[in-house]
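The values are calculated or read from the model by the stated rules, or taken from the named source; none is laboratory data. Every value quoted in this text rests on a predicted model; they were computed, and no experiment measured them. Glycine also receives a Cβ, built like all others from the backbone with ideal geometry; neighbour counts cover every protein chain displayed. The protein model used for the area step is the full one, side chains on, heavy atoms only, and it has no ligands, DNA or RNA in it. Shrake-Rupley method; radii C 1.70, N 1.55, O 1.52, S 1.80 Å.
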Amino acid sequence: MEYRHLGKTGIRVSELSFGSWVTFHTQANVDAAMEMMSAAYDAGVNFFDNAESYAGGQSESVMGTALKQLGWRRSSYLVSTKIYWGLHDNVNEKNTLNRKRLIEGIHGSLERLQLDYVDLIYCHRPDKTTPIEETVWAMHNIIEWGKAFYWGTSEWSAAEIVSALEIADRHHLHKPVTEQPVYNLLSRHRFSSEYERVYKDYGYGTTIWSPLASGLLTGKYSQGIPADSRGALKGYDWLHDELTDQEKLSKVQALEPIATELDCTISQLALAWCLKNPFVSSVITGASRVEQVHENMKASEVAPKLTPEILERVDSIFGIEEEEED
Ligand SMILES: NC(=O)c1ccc[n+]([C@@H]2O[C@H](COP(=O)([O-])OP(=O)(O)OC[C@H]3O[C@@H](n4cnc5c(N)ncnc54)[C@H](OP(=O)(O)O)[C@@H]3O)[C@@H](O)[C@H]2O)c1
């Protein structure tokens, strides 16, 4: 496992990390979570991603119990959480980054995670109604109080990120250090075009999500939706159209000969492709069972095999030029 600096911070994250969205509580109980986290940790993963909204807070509870039972040295790993959507359908408590919500939110997350601090706290989405300055001050305070060490953004626009960076700079506050954007072979436009200046000019890091497009980039959806997959879960109907999109599925299938040539699976090839981007600090992988973790962790060994010629062949399948022109 390679470790990359999180942007221009001193902290290094494993290039492959492990997150709990959809899976913890819904598909994986504490035992399964421990098994998967151990497999990731043994492979060198040092960063575990979570959010207060995942499974209505239960994902943090599962991870917290798992971490407690695993008993790893706290300084040997990083945990993150994210706040925005909230847990209660009430004014000031949902879809907001106001000061009260962020500070109450971090307290709730730490309680569920059974931790004294998280290493990273993200604003899970931008909030168009709270002044960015209020959010920056609240995040600064959370860090000053030792409840988190670094903070970041998720799916903020480049302009919003720059605004937060400048406010923090002006007031000598802790700056956000990383974005958490979607990035995979099928969703790369924003990462490559909009954010590039933020990485280059400000040294912003990125911990990228859904590297397998929720499993579409494994190739397993080519014969329909498998009964034991995310696509078959109750409440995830919104993913159906995406997971059964014939144009996307045929692109995924076109990866097969390249994967065979490289002696790897389509999933490993898709993850390795994300790793090749130097602006990616960490690829947050997801898994519903331990076999997937074992398979995915080997993507680190596949990445060095992705020569410029292979990358060109992959790009020719996914048509990056067309995407970047629109
Ligand atoms: N900031 C944000 O807004 C945001 C949004 C989404 C995710 N995230 C973070 O990013 C993490 C990863 O996202 P993701 O779970 O969507 O990642 P993903 O890699 O796109 O999808 C993971 C899912 O694909 C299937 N899968 C994974 N490896 C496989 C393999 N080798 N073979 C077959 N199936 C495989 C599993 O689902 P099944 O087995 O159920 O099919 C697994 O749960 C999340 O856990 C979360 O921490 C952040």
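Which members of the stretch 235-248 meet the condition of being under 23 Å from the mean Cα position of the chain (by Cα) and either part of a helix (DSSP H, G or I) or within 12 Å of the ligand (Cβ to nearest atom) (or both)?
Hits for the stretch 235-248 are Tyr236, Asp237, Trp238, Leu239, His240, Asp241, Glu242, Leu243, Lys248.
Collect the residues in the stretch 211-234 that are of a type in the set (A, V, I, L, M, F, W, C), free of Cβ contacts under 8 Å to residues at least 60 places away in the same chain and more than 6 Å from the ligand (Cβ to nearest atom), keeping them in residue-number order. Spell out the reasoning first.
Pass one, the stretch 211-234, residues of a type in the set (A, V, I, L, M, F, W, C): 212-213, 216-217, 225, 227, 232-233.
Still in the list and also free of Cβ contacts under 8 Å to residues at least 60 places away in the same chain: 213, 216-217, 225, 227, 232.
Leu216, Leu217, Ile225, Ala227, Ala232 - these are the residues of the stretch 211-234 that are of a type in the set (A, V, I, L, M, F, W, C), free of Cβ contacts under 8 Å to residues at least 60 places away in the same chain and more than 6 Å from the ligand (Cβ to nearest atom).
For the stretch 171-189: of the residues being more than 20 Å from Gly286 (Cβ to Cβ) and within 16 Å of the ligand (Cβ to nearest atom), which is surrounded by the fewest Cβ atoms within 10 Å (Cβ to Cβ)?
The initial filter retains those residues of the stretch 171-189 that are more than 20 Å from Gly286 (Cβ to Cβ), namely 171-177, 189.
Next cut, within 16 Å of the ligand (Cβ to nearest atom) only: 176-177.
On the way: Pro176: 26, Val177: 23.
Among residues in the stretch 171-189 that are more than 20 Å from Gly286 (Cβ to Cβ) and within 16 Å of the ligand (Cβ to nearest atom), the one surrounded by the fewest Cβ atoms within 10 Å (Cβ to Cβ) is Val177.
Restricting to the stretch 64-94, count the residues that are small (Gly, Ala, Ser), surrounded by 13 or more Cβ atoms within 10 Å (Cβ to Cβ) and outside any loop (DSSP other than H, G, I, E, B).
Initially, the stretch 64-94 is screened for residues small (Gly, Ala, Ser), giving 64, 66, 71, 75-76, 80, 86.
The next check asks that each one be surrounded by 13 or more Cβ atoms within 10 Å (Cβ to Cβ); those that pass are 64, 66, 80, 86.
Then drop every residue that is not outside any loop (DSSP other than H, G, I, E, B), which leaves 64, 66, 80.
Within the stretch 64-94, residues that are small (Gly, Ala, Ser), surrounded by 13 or more Cβ atoms within 10 Å (Cβ to Cβ) and outside any loop (DSSP other than H, G, I, E, B) number 3.
List the pairs whose first member sits in the stretch 149-169 and is closer than 14 Å to Arg197 by Cβ, whose second member is open to solvent by 30 Å² or more (accessible area, probe 1.4 Å) and not basic (Lys, Arg), and whose Cβ atoms are under 6 Å apart, counting only residues at least 6 apart or on separate chains?
Listed pairs, sorted by first residue: Ala158/Glu194; Ser163/Ile132; Leu165/Tyr202.
Take the stretch 266-311 and flag every residue that is out of contact with any helix residue (DSSP H, G or I) (no Cβ under 6 Å at 6 or more places or on another chain), under 16 Å from Tyr41 (Cβ atoms) and not in a helix (DSSP H, G or I).
Within the stretch 266-311, Ser282, Ile284, Gly286 qualify.
Does Thr9 satisfy the criteria of being closer than 25 Å to His107 by Cβ, open to solvent by 60 Å² or more (accessible area, probe 1.4 Å) and either assigned to a strand (DSSP E or B) or of a type in the set (S, T, N, Q) (or both)? Steps first, answer last, please.
Working: closer than 25 Å to His107 by Cβ: yes; open to solvent by 60 Å² or more (accessible area, probe 1.4 Å): no; either assigned to a strand (DSSP E or B) or of a type in the set (S, T, N, Q) (or both): yes.
Considered against the rule, which asks whether it is closer than 25 Å to His107 by Cβ, open to solvent by 60 Å² or more (accessible area, probe 1.4 Å) and either assigned to a strand (DSSP E or B) or of a type in the set (S, T, N, Q) (or both), Thr9 comes out as no.
Suppose we filter Asn46, Asn29 for residues that are touching a residue at least 40 places away in the same chain (Cβ under 8 Å), on the phi < 0 side of the Ramachandran plot and open to solvent by 10 Å² or more (accessible area, probe 1.4 Å); which single one remains? Even if it seems obvious, please write down each step before you answer.
Values: Asn29 fails: touching a residue at least 40 places away in the same chain (Cβ under 8 Å).
Among Asn46, Asn29, only Asn46 is touching a residue at least 40 places away in the same chain (Cβ under 8 Å), on the phi < 0 side of the Ramachandran plot and open to solvent by 10 Å² or more (accessible area, probe 1.4 Å).
A quick yes/no check of all residues on (1) open to solvent by 40 Å² or more (accessible area, probe 1.4 Å); (2) closer than 22 Å to Phe279 by Cβ; (3) modelled with pLDDT of 95 or more; (4) touching a helix residue (DSSP H, G or I) at 6+ places or on another chain (Cβ under 6 Å):
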site	(1), (2), (3), (4)
Tyr195	no, yes, no, yes
Lys200	yes, yes, no, no
Tyr204	no, yes, yes, yes
Thr207	no, yes, yes, no
Ser222	yes, no, no, yes
Arg230	no, no, yes, yes
Leu249	no, no, yes, no
Pro257	yes, no, yes, no
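Which residue pairs have Cβ atoms closer than 6 Å, lie 6 or more positions apart in sequence or on different chains, and pair a first residue in the stretch 106-120 that is among the charged types (D, E, K, R) with a second residue that is modelled with pLDDT of 95 or more?
Arg112/Gly57; Arg112/Glu60; Arg112/Ser61; Arg112/Gly64; Asp119/Leu78; Asp119/Val79; Asp119/Phe149
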